[in-house]
Amino acid sequence: MKLSIETVFLCGVLGLWSMSALAQQASTPSDQKNETDPVYLFNEICYTQVPQVEKIQDMAKRFAWVPMGGEDLQRFTTVKTPSLLDGWDIRLAERIYRLGIVQSEPSDSFIDTFPDMATGVATSCTMVLDGQDDAQTIFDRMNVMVGKEPSTQDVPEGQLLTTTWAGGNDTVKVFVFLKTDAIDRANLMNVTIVTK
């Protein structure tokens, strides 16, 4: 399906939150933090950082995220030879999230829709949730984060439903994805930016 892109996507529309807030959440005693906000974490780690993957890699070192490898890491991409593929397990508030970043050429389906971006670089950051989060709550928070209504909502993809926010201009295309399941749980969040 071709997407109509009319306005520049509002990357970081709420501004950059300080990294000290993430560090504070990570270092708060567990009895004081019964709940984390995955959308806040996604905004801090992925949404406001991509395509600058160096900042994400720096966070991984500073906060001692556990590196992933093998099949677990390969699940973050369908590209056989990405130029970059990194992934970590992040433990916060007695919960574990998985995070993966990928840089590669744009996918064939993307190039079919946007042939002018065929020589671009696609940077993707995905946060996999642990199945504890209500889909509607995460959707509402992501709508606020992105600052606009989704382009498509609850499109079936296998056993999951995908909601997509899209935007951009002639030199950058931005897509944000939320995947949920049939029992109204949020499964993952992704931001993908393609730059010329």
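Summary of computed values
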{"quantity": "Tally, over the range 61-78, of residues that are outside any helix (DSSP H, G or I) and loosely packed, with under 15 Cβ neighbours inside 10 Å", "calculated": "6"}
{"quantity": "Flag if Thr123 is among the hydroxyl-bearing types (Ser, Thr, Tyr) and either within 18 Å of the chain's Cα centre (by Cα) or within 23 Å of Leu41 (Cβ to Cβ) (or both)", "calculated": "yes"}
{"quantity": "For Val102: the one exception among (1) among the β-branched types (Val, Ile, Thr); (2) under 17 Å from the mean Cα position of the chain (by Cα); (3) over 23 Å from Gly168 (Cα atoms)", "calculated": "(3)"}
{"quantity": "Criterion: touching a helix residue (DSSP H, G or I) at 6+ places or on another chain (Cβ under 8 Å) and free of Cβ contacts under 8 Å to residues at least 40 places away in the same chain - qualifying residue of Ile183, Ile96, Ile138, Ile111", "calculated": "Ile111"}
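Each row is one residue, and each column tells you yes or no for (1) in contact with a Phe, Trp or Tyr (Cβ under 7 Å, 6 or more places away or on another chain); (2) in a strand (DSSP E or B).
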| site | (1), (2) |
| --- | --- |
| Asp112 | no, no |
| Thr123 | no, yes |
| Met127 | yes, yes |
| Ile138 | no, no |
| Val155 | no, yes |
| Lys173 | yes, yes |
| Val176 | yes, yes |
| Met189 | yes, yes |
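Condition check ((1) surrounded by 15 or more Cβ atoms within 10 Å (Cβ to Cβ); (2) hydrophobic (A, V, I, L, M, F, W, C); (3) at pLDDT 95 or above; (4) not in a loop (DSSP other than H, G, I, E, B)) across all residues:
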position	(1), (2), (3), (4)
Leu16	no, yes, no, no
Gln24	no, no, no, yes
Asp31	no, no, no, yes
Asn43	yes, no, yes, yes
Val50	yes, yes, yes, no
Ile56	yes, yes, yes, yes
Met59	yes, yes, yes, yes
Lys80	no, no, no, no
Ile101	yes, yes, yes, yes
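The values are calculated or read from the model by the stated rules, or taken from the named source; none is laboratory data. Everything numeric here is computed off the predicted structure, so don't read it as measured data. All Cβ positions, even for glycine, are placed from backbone atoms using ideal geometry, and neighbour counts span all protein chains on display.
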